[in-house]
Structures are given as C-alpha cells and as structure tokens.
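Report on the following structure.
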Amino acid sequence: MSKTAHKKFIKNQRRVAVLFGLLVSFAITCMILVSLIGKNNREITLQDEQSALLALGDELRQSSDDLTKMARLYVFSQDTIYKKYYDEIVKIREGESERPLTYGDVYWDLVLASGNEPRTRERSINFIDLLKEKKASEDQIEFIERAKFNSDRLVKIEIEAFSALDGIFKDAEGYYSKRLPPNPNFARELLSSNEYNRAKADIMQPIQSFLETVRTDYSLKIYSREKQNKVFFMMLFLIIGFACIIMAIAAFQLFNLTRNSGDELLEIEKLKPGLWNEIKNNWTLILAAGIVSFGIILFNLYAATQIKDKTEEGLTESLKTVHLTTKKSLVSWLEGIENEITEMTEYVDFRSQMNEVFSRPIQLLELDVKIGLDYLVTSFIHDRSFYGYILTDANQNLFMSRMPDGKMDVNFSTDNIEDFESLLDGNKMISFEMPIRNNDSTDEFNRFLKIGVPLIKRDSVFGVVFFLYLPDKSFTDFLQNGRIGNSGETFAFNSRGQMISESRFDEILKEQKLLLRDQNAILNISLKVPKYDGEREKGSYTLMAESALKGISDINISGYTDYRGMKVAGIWSWDEKFGFGMATEFDLEEALGPQKYYKKVLASGSVFSIFLLLVLTVLSIRSRIIASEQSRELEAAFEQVNEGKQELEQINFLSDAAL
C-alpha cells in the first residue's frame, strides 16, 4: 500500500469510526427514551387503575350508606318513594338497572332534594363484573364478595322492618306467616338496633380491607416503576455524556483532518514507528472497545435492576398469597365457630336449658340437667380446640363451669373482657376475646380464646356463657401452613402485641434467653425489638407490630427487625371484627438470596467480558504494531532494492555511454 493510499485509509477509518460511535450512542439514547416513555405511561396507567378501584370501593361504601338511609327514611316516614329508591340502588349494584354517569359522585342526595335524577344513565353492569373490568385482583374481589355475603344479614333485618310496616311478622319457625296490625315502632327499633349497626359494620370491614389492599398493592407497583425510571434516567444521562465525549472527539479529529489535509509531514509523523503513534493510529479500535465496554456496563445496570425488581415482585406476591390464604382459612374457622355458637344459642332447647339452669341455685341443680346441657353443647360444637364453657350471672359472678375434669380449674376474671359490659347490656350478641397475659392469677383463664354470648329472656340479660378454645390447637394449626422456605412463618398476636400462636423459632428463642426451657411462644413472646437496631430502641414494638396495633395493614420488603432481632420482609394485617393481628415474615437474607446470587454472577460475567475485551484489544493493537513494523521493514527493503536497481541502471547507462 502506498503512503497516499494509507493516509486516505486512515482518514476514512476515522470518519467511519466517529460516525459509528455517534450512531450507536444515538440509537441507545432513543431506545432508553422510548423505554422511559413506556414506563412512565405504565406508571400513569397504574395510578389510574388505583384511582378507579379506590373510587369503586368508595362507591360501594356510599351505596351501602344510601341503602341504610333509604331504609330508615322509609320506616320512619312510611313514604314508598324511599322504598323505590332502596330497590333501585340494589338493582344498580346487581346490574339489573343502568348505572348513572359518574355514579361515584354525589347522586342520591341530589335525587332526595329534587326528586329528579341529576345525570343520565349509561350501561348496566354487575358491581363484581365492574371490578374485574377495572383489573381488580382475585384477593380484592374476594373482600367485596365477603361484604356482599355479610350484607345478607343486614337485608334480613331490613326485610323484617319493611314487613312490619305491612303487618307481616315472623312465626316461631322464622317464616313470615303472622298477620298483625302494622307496627312502625318495631320497624324503627329494628333499624336503630345494635344488631343492625353490627351487621352494618360487618359489611364495612371487608370494604375497608379492600381499600387498604388496593392502596398497598398499587403503592408497591408504582414504587417499583419509579425506581426503574430512576435507573433509566441515570443510564440516559450516562449515554448522553458518553455521546458528548464522542462528539467532542469527532469534532477534534475532523478539524485536524481538515486543517492538515495537505500537511504531508504530519501524516509522515503518524507513520513513524513508536507505541504512542501506533495507539493514536488505532484509536478507532480503542474507541470501539470503549463503546462495547460501556454497553456491557449499561446492560449490567439494567439487568441488575430487572433482577432486583423481579425478586421483589416475586417476594411480594409470595408474601401476599401465603398471608391472604392463611388468613382466609383462619377467619373462615372463626366464622364457622361463630355460626355454630349462634345456631346453638338460638336453638329453643338451649334457651330452655339455660332458663332451667339459672332458675335455681347451682347447688340444687340436678345432675341430669348438667349432663343435658353438656350433651347439647357438645352436639353443636365439634372443634377439637374446644376446651369447655363458663356461665356467669348478670352480676359477673361465676355460676357454673364445665371443664374436661368436670370442675372449674382456672381463676375466673372478666377484667380483660372488653365487651363484657356490652354483653350484659344486650348491645352485643357475640364477643371474641383473644388470649392475653397479665402476669397474675387470671392468666390461666385469659390464656383461652373466649367467645361470649348473652343469655336473654324477655329482653333482659340474665347471664353470659363463655366458650373456651385452646389457641395452641387452633391458631397454630392454621398458621403452620403459612411458612415460606426455611425461615418464613405466619403468626397471630393480640392487642397487646403478644403472640397467640406458636413460633417456628422456639429453640432459637430459648438460646437467646427470650423463652424458658419449658415455654413456647404463646403469650410468652411480645413483638418487641430485643436489642437496639440503629432505628428502634430495645423493648419497643417492631415496625410491623406498631403498625398493625394501630389497625394498619401493610407490607414491607425493604427489611425491618423482628422479635428475634433478625432483618425480615413481611406483610401484616389487623382484623377488627375478631380483634387479632396476623403477620407473615421471611428472613431478608433468604428472601433476597437469589437476587444476590444472580447479581454476583452477572457482575462476574461483566468483569470477565470487559477484561477479555481489553486483552483482545491489546493483542490486536500489538499485532497491528508488529504488522506495521514488518510493513515498514518490507517497504525499506523495497526502497533499497529500488535504489540498488536505480544504481545498477545508472551503472549500465554509464557503461553504455563509455562504449
């Protein structure tokens, strides 16, 4: 290759390399911008979905309040227009009537004020189908279905009140067959009773859980998208900075090429031997290696972010699935007990047995009466965690108890039964009191799950019966199924932050001197930080317990200290109806183990790739240097040959001239 051709080749090589670098930077920048726009749109979509679901949850709460308002207005005024509005609200919810536009806004208050519908109507759609259309999850829909199921109890009371206005009443069998004069006062009492308010609260609790779940789920998704956007913005700035460097190099090189286009000395200087000149001559190869290395680093950042997001997403879904499934089983068990006891206490024979028991002093009770009562109770209650029952009179005095050994074997106390007064007043028809520890003589009684039911005769409470259940044979059985991996566990706790189910880590707790050798975690472990963790003082509630005891349901995958002093990820909830909290926790080290492993593999692979690229670049430059030196040696030899040839030709010419 001649010097002129070599110079042109170098110029063209530089121009192509500069152009290639600019094109690569521009392409990567465009890709990241498009991805950022897509992710930002997805974040906006998530926010819109969250807002739509929250609006639907609030709409359901408002429509329930509207139904209550219409029912009460009807029984108090006996104006049938309110009954018509009541039926219409039900039809809209069930998809039997068209929905008004923006139904979640103020609607029925305006109808009551003017008698006219303030907005036109659109399509008819069942509320559950509307939730599915708005991309509600199965767990979220389940809360709404539970609210609708609980509403049956409220509807029964409302139907009874409406029937009383028509003079139709229940008979002894519960059928509406009795014809009597209309009784508006009875209808009003029904819709103002504590039972009606309790049934109303049973509807609102799942709706509240639905709203909390929507907020938690979408907050995590939006937070994850925001973190991704931050990483992409950082990558975008790096790309732009890298592109600016390439543009500066390109401008400098093009300027030099233009200014020195006719400078042969400069080009000859570049062709001189030497490492620095060879590096300058091979800068395009070095630039290409730099671009590839930079791309590997960017890919590493992107892949690490994706791994982190996927790991956290998987952890979140695992925690939610285990927690909600386990809680569903536990709550279903408690509701089953509630139904058993309610059915039994409404049974005619049970009421007559209780009347007979309380009709005479306990010393005069005949054995067959006690046996008959025991038989009646055991024929309704079959749960293996059932321990016994206690009867108290209206003065809170122990009247009778039936335990496995046939006598009262614990110190009876109602000091920690918050709803005892409500039971005596007849304001509450059933009460759930979780096990609790006071460190006194009442602990033997308070270690039970206690379900209280008032005994009523002629609208007057003459006693209370408490059914006792062992937590280690109830809560623990259900919660053992909520364990993840080698360190995950699901446990329940009371309003004092005391565990009411067994821990998976009893042996570890004993080694830490948090438990005695003959103890388990039930009522012996408080959900408090065992030592200062940099954020919380020793003896303060864990982050989870502090939040749950305030009635807040949440999830945390960034890590917090648990009752063992370990960093965990967890999800928790508080059940207002039954008065207990539940948490599912997973050691953070195990939870993030796959993420750390894949990040390590990815980083090792990236370092090896860059190292290999550098080695290949160095070897390529070295081979070019060797080739260049050989080319120069060959060119020098060629020049010597030419010079010798010229000398020979000159000698031949002189010889010819002499002849």
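The values are calculated or read from the model by the stated rules, or taken from the named source; none is laboratory data. Fair warning: this is a prediction, and the values are worked out from it, not measured in the lab. Please note: Cβ atoms are built from the backbone with ideal geometry, for glycine as well, and neighbour counts cover all protein chains shown. The area values use the complete protein model at the heavy-atom level, side chains included, leaving out ligands, DNA and RNA. Shrake-Rupley method; radii C 1.70, N 1.55, O 1.52, S 1.80 Å.
Mind listing just one residue for me: the one in the stretch 193-215 that is in contact (Cβ under 8 Å) with a residue 60 or more places away in the chain and among the hydroxyl-bearing types (Ser, Thr, Tyr) and, of those, farthest from Ala136 (Cα to Cα)? Here the answer is Ser209.
Here's the yes/no breakdown for (1) open to solvent by less than 60 Å² (accessible area, probe 1.4 Å); (2) closer than 16 Å to Leu60 by Cα:
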site	(1), (2)
Leu180	no, no
Pro184	yes, no
Leu190	yes, no
Tyr196	yes, no
Ala199	yes, yes
Gln205	yes, yes
Gln208	no, yes
Thr213	yes, yes
Thr216	yes, no
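When you check Asn481 against the structure, is it part of a loop (DSSP other than H, G, I, E, B) and in contact (Cβ under 8 Å) with a residue 60 or more places away in the chain, yes or no? Working first, answer last.
Details: part of a loop (DSSP other than H, G, I, E, B): no; in contact (Cβ under 8 Å) with a residue 60 or more places away in the chain: yes.
It is false that Asn481 is part of a loop (DSSP other than H, G, I, E, B) and in contact (Cβ under 8 Å) with a residue 60 or more places away in the chain.
Figure legend. Inter-residue proximity from the stretch 517-535: first residues in contact (Cβ under 8 Å) with a residue 24 or more places away in the chain, second residues exposed (fewer than 11 other Cβ atoms within 10 Å of the Cβ), beta-carbon distance below 6 Å, spacing 6+ or different chains. No pairs are indicated. Of the residues contained in the stretch 111-132, one or more are found to be under 29 Å from the mean Cα position of the chain (by Cα), open to solvent by 50 Å² or more (accessible area, probe 1.4 Å) and modelled with pLDDT of 85 or more. Annotation: Gln519 fulfils all but one of (1) over 22 Å from Arg483 (Cβ atoms); (2) open to solvent by 10 Å² or more (accessible area, probe 1.4 Å); the unmet one is (1). Of the candidates Tyr532, Tyr541, the single residue that is of a type in the set (Phe, Trp, Tyr) and touching a Leu at 6+ places or on another chain (Cβ under 7 Å) is Tyr541.
To keep it simple, each residue is scored yes or no on (1) among the hydroxyl-bearing types (Ser, Thr, Tyr); (2) at pLDDT 75 or above.
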site	(1), (2)
Glu343	no, yes
Arg351	no, yes
Met354	no, yes
Val357	no, no
Asp368	no, no
Asp383	no, yes
Thr392	yes, yes
Arg402	no, yes
Met408	no, no
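Among residues that are within 28 Å of Ser137 (Cα to Cα), under 28 Å from the mean Cα position of the chain (by Cα) and among the aliphatic types (A, V, I, L, M), Leu67 is not included. Phe169 meets all of the listed conditions (1) in a helix (DSSP H, G or I); (2) open to solvent by 20 Å² or more (accessible area, probe 1.4 Å) but one, namely (1).
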